[in-house]
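Engineer: There's a structure below that I have some questions on.
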Ligand code: NAD
């Protein structure tokens, strides 16, 4: 198939070219992010391939339909950036990569927790400048602390396993408890109890209407004072302005983010020679107890290999059978058990 691929970086090209082993598909790489304005760049394609911050909205999908595009292949698991209702209306199939490496995201989550706690990011800079003072670097033992995991699907389950390995007591909140976690000794509790009892709270639920601003003024008030909050799921699960207030008052002890509500205008680009126009984000960067990475939790060799291979498999299957391997739609997807996990 002729496939136009939006939001690509050199590493995307390397892994997708490697996965397109039979050379069956003609892949056209664009650096542009998808929006209604840039959607016309896909003229001549039969399929488009998009990433997490591409806006697959009704306007873009309507333009795609008129250009003869029949497939939108996501290089991601989450599909909150796709208007599935509009896709159905336009008769466009949407496919995703349901699982690429939950280990990548889980391990990055732990990296944020360990770095924030032991302040290795600050120690690195100090030592390079010949400053070996320890004042300000005090951490705490993870062993014996209580960690609260919100969302215990593929990623949350691994986070639970690692935290138990550290000697933490792990509480979880998920409308669908995971029996594997229960076997490990994870205790499912109501969200309010998790917030009130946890020294570390880490978010691994999808962004849905139910989880939008799940952590806001009210839930921050329920948190144990000084708790560490980690978000590697989707930015809008947290109300950033409320969290800023929590940081200023000391209600939040430390904050680790890999995702941000308004990340689409910032992340994956180099702003080192430009001003950051987002004042909320800029304010977050001023806190010594805030650590932000730019949506890199997925970024491992294994994950990029799986993403590329599954994306090519989706496109090949759609070309041969009219169905992608991992479809997602407002009604059902090809594999009902995936639908249950994704929504
Ligand atoms: P998953 O579908 O396997 O698990 C999600 C879990 O969240 C499920 O167990 C589900 O029951 C639960 N859940 C649903 N609604 C909830 C609610 N209201 N409260 C609490 N839990 C709820 O997904 P996954 O593969 O573990 O991924 C989790 C999220 O991580 C994804 O949705 C995505 O947003 C994010 N993610 C981020 C990156 C990154 O690079 N930062 C990469 C991949 C995925």
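Engineer: Can you name the residue in region 163-179 that is within 12 Å of the ligand (Cβ to nearest atom) and within 23 Å of residue 252 (Cβ to Cβ) and is also surrounded by the fewest Cβ atoms within 10 Å (Cβ to Cβ) among such residues?
Structural biologist: We begin by selecting, within region 163-179, every residue within 12 Å of the ligand (Cβ to nearest atom); these are 172-179.
Narrowing further to those that are within 23 Å of residue 252 (Cβ to Cβ): 172-174.
Working: 172: 24, 173: 24, 174: 19.
So the residue we want is 174.
Engineer: How many residues does region 196-246 contain that are crowded, with 16+ Cβ neighbours inside 10 Å and within 9 Å of the ligand (Cβ to nearest atom)?
Structural biologist: Within region 196-246, residues that are crowded, with 16+ Cβ neighbours inside 10 Å and within 9 Å of the ligand (Cβ to nearest atom) number 12.
Engineer: Follow-up question, since we're still on this one. Quick check on residue 285: is it touching a strand residue (DSSP E or B) at 6+ places or on another chain (Cβ under 9 Å) and within 16 Å of the ligand (Cβ to nearest atom)? Break it down into steps so the answer makes sense when it comes.
Structural biologist: Working: touching a strand residue (DSSP E or B) at 6+ places or on another chain (Cβ under 9 Å): yes; within 16 Å of the ligand (Cβ to nearest atom): no.
No, not satisfied.
Engineer: Hey, any hits in region 53-60 for a residue that's in contact (Cβ under 8 Å) with a residue 60 or more places away in the chain, within 16 Å of the ligand (Cβ to nearest atom) and outside any helix (DSSP H, G or I)?
Structural biologist: Of all residues in region 53-60, those in contact (Cβ under 8 Å) with a residue 60 or more places away in the chain come to 53, 55.
From the residues that got through so far, the ones that are within 16 Å of the ligand (Cβ to nearest atom) too are 53.
Within this subset, residues satisfying the condition of being outside any helix (DSSP H, G or I) are 53.
The answer is yes; a qualifying residue exists.
Engineer: While we're on this one: Which of the residues belonging to region 51-70 are touching a strand residue (DSSP E or B) at 6+ places or on another chain (Cβ under 8 Å) and surrounded by 24 or more Cβ atoms within 10 Å (Cβ to Cβ)?
Structural biologist: 56, 61, 64, 69
Engineer: Scan region 247-266 and tell me whether some residue there is outside any helix (DSSP H, G or I) and surrounded by fewer than 16 Cβ atoms within 10 Å (Cβ to Cβ).
Structural biologist: If we filter region 247-266 for residues that are outside any helix (DSSP H, G or I), which is where we start, we get 250-262, 266.
The next check asks that each one be surrounded by fewer than 16 Cβ atoms within 10 Å (Cβ to Cβ); those that pass are 250, 262.
Yes - at least one qualifying residue is present in region 247-266.
Engineer: Here's another thing I want to ask about it. Being part of a strand (DSSP E or B) and under 15 Å from residue 249 (Cα atoms) is the filter here; which residues of region 213-237 pass it? I'd like the intermediate steps shown before the answer.
Structural biologist: Going residue by residue through region 213-237, those that are part of a strand (DSSP E or B) are 215, 227-231.
Answer for region 213-237, where residues must be part of a strand (DSSP E or B) and under 15 Å from residue 249 (Cα atoms): 227, 228, 229.
Engineer: Can I ask one more? Condition check: surrounded by fewer than 16 Cβ atoms within 10 Å (Cβ to Cβ), within 24 Å of residue 161 (Cβ to Cβ), more than 12 Å from the ligand (Cβ to nearest atom) and at pLDDT 95 or above. Does residue 182 satisfy that?
Structural biologist: Working: surrounded by fewer than 16 Cβ atoms within 10 Å (Cβ to Cβ): yes; within 24 Å of residue 161 (Cβ to Cβ): yes; more than 12 Å from the ligand (Cβ to nearest atom): yes; at pLDDT 95 or above: yes.
Yes; evaluated as a whole, the condition is true for this residue.
The values are calculated or read from the model by the stated rules, or taken from the named source; none is laboratory data. Everything numeric here is computed off the predicted structure, so don't read it as measured data. Backbone-built Cβ (ideal geometry, glycine too); neighbour counts: all protein chains shown.
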